[in-house]
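Trainee: Below is a structure I'd like to ask you about.
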Amino acid sequence: VERPLPVGASLPVAQLSSSAYADLRHCPYRFFALRQLQLQESDELGADVDKRDFGTWLHAVLQHFHETLADAPTDDLAARRALMDAAAEAATREQRLDAGEFLPFASGWPALREGYLQWLAGHEASGASFRQAEVRATQPLGALQLVGMLDRVDAVHPPGGGEPMALVIDYKTESDAATRKRLAIGSEDTQLAFYAALLQDDALRAAYVNVGERGETRTHEQPDVVALRDQLVEGILHDFTRIAEGAPLP
């Protein structure tokens, strides 16, 4: 059976997200079907809380925590622990999560909280400070508009003084090995480079922060993110020029 070779030139894409571009990179036909024809599956209604729900909840918890901490800074560990617990309760209420269904994740909360607070102390000691969380960002690129939600943007202050540099952070709740694998594949992992492209900074840093449920939070920085961002932008322009010219999407 011959593979279908659709052409998407008559279905221009106005906005491009990181996940949409990942679809194009992994399978052009998938991009054509999901992003151009918009053939989306209807999500099944499920009562169980899954890993994705936990990730959504954790993002909300950390946003609450850091915004509250920024308004009333404190280095006291007990006070920070109380702020994280209050943030967890607020996020649970906002998302209307059932206590019984959420119990498997709640049972690991103390270890996760302590591991995150320990990581945060070291992160701040390195010269980093919280700037914003859940940042909606857009960036024009030719006929496209790059769009995305940045989990967090920090400012990193150089040891000898000078202008702080932006640090884009993307939270991960997957295994630490899976996060390390993302960086190992270089330009094949487009997520951090795409998020970097949403900012206009000439110099910046980007990293995954793996928040482990067993109490270990680790930073996995992409050391070549500016070069990867430039390659990514060039690749996006090249790919969408080809699509507009009628290149098939097998």
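The values are calculated or read from the model by the stated rules, or taken from the named source; none is laboratory data. These numbers come from a predicted model, not from an experiment. All Cβ positions, glycine included, derive from the backbone under ideal geometry; neighbour counts span all protein chains shown. Side chains included, ligands, DNA and RNA excluded: accessible areas come from the protein's heavy atoms. Shrake-Rupley method; radii C 1.70, N 1.55, O 1.52, S 1.80 Å.
Trainee: I'd like the residue in the range 83-100 that is of a type outside the set (Gly, Ala, Ser), part of a helix (DSSP H, G or I) and surrounded by 14 or more Cβ atoms within 10 Å (Cβ to Cβ) and, out of all such residues, is modelled with the lowest pLDDT. If you could, list the steps in order and put the result at the bottom.
Mentor: Filtering the range 83-100 for residues of a type outside the set (Gly, Ala, Ser) gives 83-85, 89, 92-98.
Add one more test, that the residue is part of a helix (DSSP H, G or I), and what stays is 83-85, 89, 92-94.
After this cut, where a residue has to be surrounded by 14 or more Cβ atoms within 10 Å (Cβ to Cβ) as well, the list is 83-85, 92.
Details: Leu83: 98, Met84: 97, Asp85: 96, Thr92: 89.
Here the answer is Thr92.
Trainee: Looking at Gly148, Gly162, Gly235, which is the one that is loosely packed, with under 15 Cβ neighbours inside 10 Å and over 20 Å from Gly122 (Cα atoms)?
Mentor: Only one candidate passes the filter, namely Gly162.
Trainee: Do you know which of the residues in the range 159-183 that are of a type in the set (D, E, K, R), within 20 Å of Arg218 (Cα to Cα) and outside any helix (DSSP H, G or I) is modelled with the highest pLDDT? Lay out the reasoning, then the answer.
Mentor: Here is the first cut: in the range 159-183, the ones of a type in the set (D, E, K, R) are 163, 170, 172, 174, 176, 180-182.
Remaining after also requiring within 20 Å of Arg218 (Cα to Cα): 170, 172, 174, 176, 180-182.
From what's left, outside any helix (DSSP H, G or I): 170, 172, 174.
Numbers: Asp170: 97, Lys172: 94, Glu174: 91.
Here the answer is Asp170.
Trainee: Assess whether Thr138 counts as being among the polar types (S, T, N, Q) and open to solvent by less than 50 Å² (accessible area, probe 1.4 Å). Lay out the reasoning, then the answer.
Mentor: Working: among the polar types (S, T, N, Q): yes; open to solvent by less than 50 Å² (accessible area, probe 1.4 Å): no.
No.
Trainee: Please determine, by comparing only the residues of the range 184-214 that are modelled with pLDDT under 90 and open to solvent by less than 40 Å² (accessible area, probe 1.4 Å), which one is farthest from Trp57 (Cα to Cα).
Mentor: Gly186
Trainee: If I filter the range 217-225 for residues that are outside any loop (DSSP other than H, G, I, E, B), under 21 Å from Ala60 (Cβ atoms) and among the acidic types (Asp, Glu), do I get at least one hit?
Mentor: no
Trainee: Does Glu114 satisfy being open to solvent by 50 Å² or more (accessible area, probe 1.4 Å), assigned to a helix (DSSP H, G or I), at pLDDT 95 or above and out of contact with any strand residue (DSSP E or B) (no Cβ under 7 Å at 6 or more places or on another chain)? Show your work before the answer.
Mentor: On the way: open to solvent by 50 Å² or more (accessible area, probe 1.4 Å): yes; assigned to a helix (DSSP H, G or I): yes; at pLDDT 95 or above: yes; out of contact with any strand residue (DSSP E or B) (no Cβ under 7 Å at 6 or more places or on another chain): yes.
When the stated conditions are applied, Glu114 passes them.
Trainee: Does the range 170-184 contain any residue that is over 29 Å from Gly215 (Cα atoms) and of a type in the set (Gly, Ala, Ser)?
Mentor: Taking the range 170-184 and keeping what is over 29 Å from Gly215 (Cα atoms), we get none.
No: the range 170-184 contains no residue that is over 29 Å from Gly215 (Cα atoms) and of a type in the set (Gly, Ala, Ser).
Trainee: Quick test of your reading of the structure: Gly246 fulfils all but one of (1) open to solvent by less than 60 Å² (accessible area, probe 1.4 Å); (2) within 20 Å of Ser19 (Cα to Cα); (3) at pLDDT 95 or above. Name the failing condition by number.
Mentor: (2)
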